[in-house]
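Asks: Encoded as structure tokens, here's the structure I'll be asking about.
The values are calculated or read from the model by the stated rules, or taken from the named source; none is laboratory data. Keep in mind that what you see is a predicted model, and the values were worked out from it rather than measured. Neighbour counts are summed over all protein chains in view; Cβ atoms, including those assigned to glycine, are modelled from backbone coordinates with ideal geometry.
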Amino acid sequence: MKKNIINAALMLLSFATLLSFTACHDEDEAEKAKAPVIQLTEVGHDNEKHAHPGDDLHLEGDIIAEGLIKSILVEIHQEDGDYEMEFKYDDAKQYSKYIGVRNCEFHEHIDIPEDAPLGEYHLHVIVTDQQGQTGSAKSELTMVAEDDDDDDDHDHNHNH
């Protein structure tokens, strides 16, 4: 009888150990956050998707990063050409409104170099979270001369 009790106790102990390993595995899966999600709300003043060499590009979007934001990268490159620009937001002190947070409104005015060629571009916003996961959003962007943009009064006094 003692042998049966000992065997039953060992079986229960083995079963409990197996359950604890399975539970840990399930918890690890549950703790893994979803990849960041970016929704661009404005590319260019009034979402016109235009930029001017030598001026700033208004860029705004909503970011949700369950794994907390580690970095934001804005890439702008010519559709048919070699010209490209990168703007990094990864310094926790300088960009504390973004880095280490879960949800934020990304709102920046990016200086476009004066030598940026006119034409069609692609814009990408890439967010990396602290778990190494990435999410991205993209938009078309046209680089136009100041005179070519009739709709833009360049009134920069928007309430943003």
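Asks: Condition check: more than 23 Å from ALA51 (Cβ to Cβ) and at pLDDT below 95. Does ALA65 satisfy that?
Replies: Taking the combined requirement at face value, the residue does not satisfy it.
Asks: Return the only residue of PHE106, PHE87 being within 17 Å of the chain's Cα centre (by Cα), free of Cβ contacts under 8 Å to residues at least 40 places away in the same chain and part of a strand (DSSP E or B). Outline the logic, then answer.
Replies: Values: PHE106 fails: free of Cβ contacts under 8 Å to residues at least 40 places away in the same chain.
Residue meeting the stated conditions: PHE87.
Asks: On to the next question. If I go through the range 123-138 residue by residue, how many of them are more than 9 Å from LEU73 (Cα to Cα) and surrounded by 19 or more Cβ atoms within 10 Å (Cβ to Cβ)?
Replies: 3
Asks: Kindly check whether there is at least one residue in the range 43-55 that is modelled with pLDDT under 95 and surrounded by fewer than 16 Cβ atoms within 10 Å (Cβ to Cβ).
Replies: Within the range 43-55, one or more residues are modelled with pLDDT under 95 and surrounded by fewer than 16 Cβ atoms within 10 Å (Cβ to Cβ).
Asks: Moving on. For HIS77, state whether it is within 23 Å of GLU146 (Cβ to Cβ) and either without any contact (Cβ under 8 Å) to a residue 40 or more places away in the chain or assigned to a strand (DSSP E or B) (or both).
Replies: Criteria met by HIS77.
Asks: Shifting gears a bit: Conditions first: (1) without any contact (Cβ under 8 Å) to a residue 12 or more places away in the chain; (2) within 15 Å of the chain's Cα centre (by Cα). ASP82 passes all but one, so which condition is the exception?
Replies: (2)
Asks: Could you check how many residues of the range 139-149 are surrounded by 14 or more Cβ atoms within 10 Å (Cβ to Cβ), of a type outside the set (A, V, I, L, M, F, W, C) and in a strand (DSSP E or B)? Reasoning before the result, please.
Replies: Of the residues in the range 139-149, the ones surrounded by 14 or more Cβ atoms within 10 Å (Cβ to Cβ) are 139, 141-144, 149.
If we keep only those that are of a type outside the set (A, V, I, L, M, F, W, C) as well, we get 139, 142, 149.
Filter again for in a strand (DSSP E or B), leaving 139, 142.
Counting residues in the range 139-149 that are surrounded by 14 or more Cβ atoms within 10 Å (Cβ to Cβ), of a type outside the set (A, V, I, L, M, F, W, C) and in a strand (DSSP E or B) gives 2.
Asks: Name the single residue, out of those in the range 118-160 being among the polar types (S, T, N, Q) and at pLDDT 95 or above, that is farthest from GLU48 (Cα to Cα). Write out each step before concluding.
Replies: Step one: list which residues in the range 118-160 are among the polar types (S, T, N, Q), which gives 128, 130-131, 133-134, 136, 139, 142, 157, 159.
This time we only want the ones that are at pLDDT 95 or above, so: 128, 130-131, 133-134, 136, 139, 142.
Details: THR128: 27, GLN130: 33, GLN131: 34, GLN133: 30, THR134: 27, SER136: 20, SER139: 11, THR142: 9 Å.
Filtering the range 118-160 for residues that are among the polar types (S, T, N, Q) and at pLDDT 95 or above, the one farthest from GLU48 (Cα to Cα) comes out as GLN131.
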